[in-house]
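No lab work stands behind these numbers, since they all come straight from the coordinates. Keep in mind it's a predicted model, so treat the numbers as computed, not measured. Don't worry about glycine lacking a Cβ; one is built from the backbone with ideal geometry, like all the others, and counts go over all protein chains shown.
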Amino acid sequence: MHPAEQKQTKTMHCKLVLWLAIVIGAVSAIASEGTVFTDESCRQSGALVFYRIKLVTSWSKKLFPKHYPEFRPPPHWSMTFGQTHNDSFRLFEMKHPASVAVSTFAETGQVGSLEESLAQQQDVLFDEFRLPKIRKGKGESEATFFVDLSHPTVSFMTKIVPSPDWFVGLDSFSLCSRGRWLEKVTVPLHPLDAGTSSGLTFTSPKWPTNPRGVIERITARFPLHFASSFFYPEIKHLPPIAHVTFTKIKEYANRNNVHKKVKRMKQKQRTKLLKKLSQQSERADADPGVGQGVNAIRDASGSDVDCRVSAWSTWSPCSKTCGLGKRNRARSVLQAQRPGGRECPSLVETQWCGSARQCSVIDNYFRW
Ligand SMILES: *[C@@H]1O[C@H](CO)[C@@H](O)[C@H](O)[C@H]1NC(C)=O
C-alpha cells in the first residue's frame with residue numbers, strides 16, 4: 001500500500017473507532033437504562049479520573065413548536081445537579097416511583113431536599129457537581145467532576161422549566177466501559193416525567209398525581225393525549241431535547257499509594273478531598289514517617305547490609321498554580337544494599353496538590 005493511502009486508511013480507522021466508541025457508549029446508556037456495569041480493568045487502570053460534563057440543550061420553537069412557551073416564564077433549564085457514586089446508589093429508576101427529593105427537584109427545581117437526602121448517603125457518593133442554569137431553551141452549560149476506581153458511575157438531572165415535573169437526566173451511567181475509561185461519549189436525552197404532578201402541558205397548573213405515578217419517558221405518543229405538549233402523532237420519534245457529553249480530561253495513575261489515599265478520601269466531595277490531600281502533604285512535610293506507606297523503612301538505623309536512605313527533601317512547588325497538580329520529593333541512598341540486606345525503598349514520592357477551586361478563571365485550566 002502507498003504510504004499516503006496507508007495513512008488515510010489509518011485515519012479512517014481511527015475515526016471509525018471513535019465513532020463506534022460514541023455509538024456504543026450511547027447505545028449502552030439507552031439499552032441499560034440505568035443498569036450499572038463496571039469492568040474490573042478500569043478499577044485497576046487508574047486511581048482517580050477527571051471528567052468534563054457538558055449539557056447542550058435544543059429546546060427551540062423549530063424543533064418543538066407545540067405549546068412552545070413564549071411568555072412568563074420563557075423556556076429554560078434549571079441548574080443541573082449531579083454526583084458520582086458506586087453501584088449502591090440510584091438517583092432515579094425508570095418505571096419506579098421517584099424519591100421525594102427527586103420529585104421535589106423535578107417539580108420546583110429546588111435542590112434543598114436532594115442535598116439533604118444525599119448528605120445521608122455520603123458513603124456511596126464520591127463527587128458532586130453543579131452545572132449553571134441555562135437561561136434559554138437552547139444553550140449549554142458545563143462542569144467537571146472526579147470518578148475513581150470504586151465509583152465509576154455518574155448520575156444527574158436538570159428540570160425543564162416551565163413544566164409540571166419534567167426533567168432530563170441520566171441514572172448510573174458508567175464511565176468505565178469495556179475495560180476502559182471512556183475518552184468522550186455523547187448521550188441523547190429525552191424528557192422524563194417524574195410522575196408526581198399531573199399536567200399535560202408545559203404551563204398547566206400543578207396538582208398532585210394520585211396515586212403517585214412512576215418515572216416515564218415522554219415520547220411523541222406518550223402520554224397518549226392530544227393535549228400533551230410533546231404529542232406529535234405525525235412523527236415517529238421526538239428529536240432529543242438535549243445531549244450530554246462526558247470528556248475525560250485526565251487520569252491519575254495508581255502510583256505511590258495514590259490508590260490507598262483515594263480510598264481513605266472517598267465519601268468526600270472534591271473540595272474536601274483536595275483540602276485533605278494538601279493537609280496530608282503538610283503533615284508529611286513535618287514528619288517524614290507519614291506518607292511513606294509500605295516503603296517506610298528506618299532511615300538512620302538498620303543493619304549494615306540494609307539499604308539506607310536519607311530523609312526526604314522538601315516538596316517541590318506544585319506543578320500547577322491553578323488546578324490539580326503534582327509535587328515531588330526525593331531522597332538519596334546513603335548506603336547501598338549488600339547481599340542479604342533490605343532493598344532500597346522508592347526514592348521519589350509524588351502527591352497531588354492544588355485545587356480546581358483555586359482558579360480564578362477555571363476555564364483556562366480545563367481548556368486543552
Ligand atoms: C458502596 O460503598 C459502600 C460504602 O463504602 C459499601 O458499603 C457498598 O458495599 C458499596 N457498594 C458496592 C456495590 O460496591
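For the pair region 216-240 / region 90-168, the C-alpha centres are spaced 24 Å from each other.
The GluC sites (Glu not before Pro) of region 64-125 that DSSP puts in a loop, and whose beta carbon has at most 15 other beta carbons within 10 Å, are Glu70. Full extension of the chain between Ser117 and Glu140 yields a length gain of 5.5 nm, computed as 0.36 nm times the residue separation minus the alpha carbon distance. Listed by Cβ neighbour count within 10 Å, with the fewest neighbours leading, Val49, Val187 appear as Val187, Val49. Restricting the trypsin sites (Lys or Arg not before Pro) of region 47-150 to loop positions (DSSP other than H, G, I, E, B) with no more than 15 neighbouring Cβ atoms within 10 Å leaves Lys61, Lys62, Lys66, Lys95, Arg135, Lys136. The simple Förster model, with R0 at 30 Å and r as the Cβ-Cβ distance, assigns Ser319 and Arg178 a FRET efficiency of 0.40. For region 145-201, the normalised intensity computed at q = 0.22 Å⁻¹ comes to -0.87 (log10 of I(q)/I(0), Debye sum over alpha carbons, equal scatterers, no solvent).
Applying 0.36 nm per residue to the separation of Glu343 and Lys54 and subtracting their alpha-carbon distance, the gain on full extension is 99.2 nm. Over region 58-132, the ratio between the Cα radius of gyration and 2.2 N^0.38 Å evaluates to 1.35.
Hey, which of these cross-link pairs are over 21 Å Cα-Cα: Lys66/Lys138; Lys136/Lys250; Lys66/Lys206; Lys95/Lys184; Lys66/Lys159? Correct reply: Lys136/Lys250; Lys95/Lys184. When region 170-248 is described by a simple charge dipole with +1 on each Lys and Arg Cβ and -1 on each Asp and Glu Cβ, the residue from Ala194, Gly213, Gly179 located farthest towards its positive end is Gly179. Relative contact order of region 165-247: 34 percent, from C-alpha pairs under 8 Å at least 6 residues apart in sequence.
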